[in-house]
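Student: The structure's right below; bear with me while I get my questions together.
The values are calculated or read from the model by the stated rules, or taken from the named source; none is laboratory data. All values reported here derive from a predicted model rather than from experimental measurement. Every residue, glycine among them, receives a Cβ derived from its backbone with ideal geometry; neighbour counts consider all protein chains shown. The accessibility values were calculated without ligands, DNA or RNA, using every heavy atom of the protein model including side chains. Shrake-Rupley method; radii C 1.70, N 1.55, O 1.52, S 1.80 Å.
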Amino acid sequence: MPQFTNHYSRKDRGIVTLNTCYMNHRISDVIKGSIACELELAPEDTLLTINGEKIKDALHYRYLTQGEEIVLEIEKPDGEVWELEIEKDPDEELGLVFALPNMSPTRKCKNNCIFCFVAQQPKGLRESLYLKDDDPWLSYVMGNYITLTNLDDGDIERMAHFHLSPLRISVHAADMDLRCEMMGNKKAGNLFKILDIFSAAGITMHFQAVICRGINDGEKLRETIEKLSQQQGAQSLAIVPAGLTSHREGLPPLTQFSAKEAEQVIKIVEEYQQLFRKDKGTAFVFAADEWYIMTCTPFPKYDLYEDFPQLDNGVGMIRLFEQAFMDAAKLSTPLKLPKKNIGIITGTAASKFMQSLATQFEIQHPNIKIKIYTIKNNFFGELITVSGLLTGQDILAQLGKDISSDVLFIPENAFRAETTTMLDGTTLAQLSETLGIPIKIGKTDGSLFYNQLIKEE
């Protein structure tokens, strides 16, 4: 059980100034019902030490808090310091949320990738959209992909020692000379040395390879798939086409895959999937939905995506949404809904798919008429087709005020997380006011979206 053992002030201990590392560990929230809540810790408290050690970062914090018996040193806003002894289960979290989630400055990307999307954005967006993180803690906590090129030997050893698993790692090519060239960083050649260290530590890893036409496709792609599949601890690999905007001034020339070339990528992936399912019991490698959209090829069946390990890379998103949508339709109680015209905004990639779902919905609910509004991405360029990169200005320019729908749904992923603001700064309220109709944020979960269409919530 947690207990107080001592209270004292910083002045009593002769501490006059606050070390800058302590500022990184200011507590911003305490989870209800947690150990920290029971100890009456609160926002604006500061974590000073654990077991007498100053905490370097979130990795260090995680390692030190895994023990059964730990001692915390907490400074209250008035300068009083609490020393707390805690007995807990090894895996039990303390329930502290810090002002800096990493408990240190976020590691920035030091690469100069030829396909970098951040470098292809137009000017004038909010500053955060131009920041490139490459932080192992964010890979562990949030599923961000990291390249491992900004870490020294000490960082690698700590990650292995702390068993930071699973990790998501950007590879792009198993040919180390090619990887260095694509990423503009000589340190990219150390990849497999680092992966071997992680493997020996029992760390599991998911990989991604962004594929550029004529550079790391074809035989280079085969080499990448084969070598990563042999890596101990490897769980999955996503094959993703490079996103190309119309803002590539000063960047290496890259061109989009033709439908025929995209078919070859799918063919390579599916060949290895058949082989790996037989030898490993898992497909291991998966092609992003965009490849199938480019070729107008039917998506793989739902079960072939296994446990959907690469959703964040757009692998299986459409099949998962469809399955959830149709399951909700089967469970839906027949209702006589009032007549209503509903509009759904989507990008060009998912336009046909959304139209097919709308048609099936209308058959089940004949009083509801759904119109799909397909928006071309003029902001980033027409080669960008996903709904998550739509902007308010493109929606307004292409819809005008001639809308026959009573209500309009815009997909959730087109808005900044937990806000009603789109990439270009346009807000939901501005869109609704300008278009003159109610606008709702459409859920990315197919089941929830189906119920939204019924209840209009």
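Student: Where does each of 174-180, 336-342, 240-246 land if you order them by average Cβ count within 10 Å, highest first?
Tutor: Peptide ranking by packing, descending: 240-246, 174-180, 336-342.
Student: Here is a follow-up. Helix 351-364 versus the longest principal axis of the chain: what angle, 0 to 90°, nearest 10, using Cα atoms?
Tutor: 80 degrees
Student: Quick check of the Kirkwood formula: for the stretch 90-235, what is the inverse mean of 1/r over all pairs of different Cα atoms, in Å?
Tutor: It works out to 16.4 Å.
Student: Quick check: the angle from helix 218-229's long axis to the longest principal axis of the chain, C-alpha only, nearest 10 degrees?
Tutor: 40 degrees
Student: Take every DSSP beta bridge with both residues inside the chain and express the antiparallel ones as a percent of the total, to the nearest 5.
Tutor: Percent antiparallel among DSSP bridges in the chain is about 45.
Student: State to the nearest 20 debye the size of the charge dipole of the stretch 39-91 about its Cα centre, where the only charges are +1 on K and R beta carbons and -1 on D and E beta carbons.
Tutor: Roughly 300 debye, rounded to the nearest 20.
Student: Please turn the phi angles of the stretch 256-273 into ³J(HN,Hα) values with the Karplus equation 6.51 cos²θ - 1.76 cosθ + 1.60 (θ = phi - 60°), one per residue in order, whole Hz, x for glycine and proline.
Tutor: Couplings: 6, 5, 6, 4, 5, 5, 5, 4, 5, 5, 4, 4, 4, 4, 5, 4, 5, 4 Hz.
Student: State to the nearest 20 debye the size of the charge dipole of the stretch 148-219 about its Cα centre, where the only charges are +1 on K and R beta carbons and -1 on D and E beta carbons.
Tutor: In total the dipole reaches around 180 debye.
Student: Compute the accessible area per residue over the chain, keeping the other protein chains in place, probe 1.4 Å, unit Å².
Tutor: It amounts to 49 Å² per residue over the chain.
Student: Right, here's the next one. Can you tell me how the stretch 89-174 classifies by the Cα gyration tensor, rounded, prolate or oblate, using a/c under 1.5 as the rounded cut?
Tutor: Working: a/c = 2.42, a/b = 1.45, b/c = 1.67.
Since a/c reaches 1.5 but b/c is at least a/b, the shape of the stretch 89-174 is classed as oblate.
Student: If you project the alpha carbons of the stretch 339-396 onto the principal axes, what extent comes out on each, in Å, largest first?
Tutor: Result, largest extent first: 37, 20, 12 Å.
Student: Keeping the other protein chains in place, figure out the carbon and sulfur percent of the accessible area of the stretch 31-131, with a 1.4 Å probe.
Tutor: The nonpolar share, carbon plus sulfur, comes to 50 percent.
Student: Rg over Rh of the stretch 221-308, using C-alpha atoms and the Kirkwood radius, what does it come to?
Tutor: A ratio of 1.02.
Student: Taking the chain as the reference, fit the longest principal axis to its C-alpha atoms, fit the long axis of helix 191-200 to the helix C-alpha atoms, and give the angle between the two in degrees, 0 to 90, nearest 10.
Tutor: So the helix axis and the longest Cα principal axis differ by about 60 degrees.
Student: Rounded to the nearest 20 Debye, what is the dipole magnitude of the chain about its Cα centre when Lys and Arg each give +1 and Asp and Glu each give -1 at the C-beta?
Tutor: Details: 47 positive and 63 negative charges, 369 e Å.
For this selection, approximately 1780 debye.
Student: In addition: Can you give me the convex hull volume of the Cα atoms of the chain, divided per residue and expressed in Å³?
Tutor: Per-residue hull volume (Cα only) is 185 Å³.
Student: Taking all protein chains as present, what is the carbon and sulfur share of the accessible area of the stretch 316-391, in % to the nearest whole number, probe 1.4 Å?
Tutor: After summing per-atom areas, the C and S share lands at 59 percent.
Student: Heavy atoms only, probe 1.4 Å: what % of the accessible area of the stretch 400-457 goes to carbon and sulfur, would you let me know?
Tutor: 44 percent
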